[in-house]
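The structure appears right after this line, and notes come after that.
Read-outs: derived from the displayed coordinates by stated rules, not from any lab. Values in this document were obtained by computation on a predicted structure and should not be read as measured data. For neighbour counting, all protein chains shown are included, and Cβ atoms are generated from backbone atoms with ideal geometry for every residue, glycine included.
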Amino acid sequence: MSEKANLKDKFYGCIAGVHIGSAMGAPVEGWDFERTESTYGMLDKLVSYEHFNNGWVREAGTTEDGVERQKLMISAIMEKQDRVTAEDVRRMWISKIKPESAGMISEPFEAILLAMAKSGIPARDIGKYCDYSGLNSFSRSCHPIGLINAGDVQGAMNDVNEVGQLYQTTNGRGLKWAMVTAVAIASGTKPNATVDSVLGAIYDNCDPDMVVKEIDRELKRTAHIQDFREFRKTLFESYNIRGIPYEVSYANEVVTKAVCIFRMYKANIKEVMIAAVNMGRDTDCVTAVAAGISGALTGTASLPEEWIQQTDYATTLHVVTNSQRTIKEHAEGLYQAYQSRLKKLKAYSEMMSAI
């Protein structure tokens, strides 16, 4: 980092990292890294792709289901101008999700969750009906929760447990791993934050047995590695399961890989992104987490402007998306909501200090 990013640019870097990283990783999602290498060499650009075998050839830069989840959270935060609850986000599901998105952009189980949301049951109960409690559904999309709680690690953790219940059960594996993403972002936005301070926040605040132990194991196994090809082979030794539903998309694998990449490339968002999309397996989700937490620390300085422009252009063609806002519009909307939150906190503090 040659020059420290300001807070507004950290918001922009975080959201850009998720959206562009998701779009870059989506064409090779689920592939083993050998297939990616034989097809692209080193994939280092946005390319078009077909997903779900539904005949929709997506423009280079087109994002996927995880970004759609995130857009709904951003919309809820922008509307409330503050932290949000599961009920706030549920209302966005009902008002913003297009019926035709099922089978085009969302996962099949999300149609069931949407039906539950429309039934009127409490929003916090909806995640109980997801069959995949350990998935990365929330850990790869909860970046806005970290940003609206910028600098407030405990607030971010509380909101993961609140909003995350739309997707998964309280205190379940999926939410414990989502804590890592939110904690990393909330701590990365602090003044004078560093790669080491972000890692320290994860170690200090996340579940020591289920989460920190696994992250620590893989950070130690990859600490000495300088070559990327050796790096991804070493992680593949730990994460190579096949033969179960969503076999590449469990949160422990995705988040641990993302943290290792974040550390190896010192949060340089461009280098992190290229490494993650060439890792194999759930490339779009690994990149969303790794690039998102990197951007929250270092901003957009290393991110090519043409990648931002292409992703924004693809969004204009994305007819089933929940929002066609640009990356900057999403980031600035979150930033303004955060500033609104600070004003409320300041007014409250001044009022109570006058007693």
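Placing +1 on the Cβ of every Lys and Arg and -1 on the Cβ of every Asp and Glu, with no other charges, gives the chain a dipole of roughly 720 debye about its Cα centre. Translational diffusion of segment 227-349, estimated by Stokes-Einstein from the Kirkwood radius over alpha carbon pairs at 37 °C in a medium of 0.692 mPa s, is 199 µm² per second. Counted residue by residue at 0.36 nm each, then reduced by the alpha carbon distance between them, the extension gain from N158 to S238 reaches 25.8 nm. Based on every Cα atom in the chain, Rg and the maximum pairwise Cα distance Dmax equal 18.8, 69 Å. Once the convex hull of all Cα atoms in segment 84-186 is built, its volume per residue stands at 85 Å³. For Q339, neighbours were defined as the other residues whose beta-carbon sits under 13 Å from its Cβ, and their charges (Lys and Arg +1, Asp and Glu -1) total +3.
How high is the relative contact order of the chain, given as a whole-number percent (alpha carbon pairs under 8 Å, six or more residues apart)?
Relative contact order here is 31 percent.
Short to long, the 5 Å bins of the Cα pair-distance histogram for segment 6-137 hold 2, 9, 15, 19, 19, 15, 11, 6, 3, 0 percent of all pairs.
Across every pair of non-identical alpha carbons in segment 155-229, the mean reciprocal distance, once inverted, gives a Kirkwood radius of 13.3 Å.
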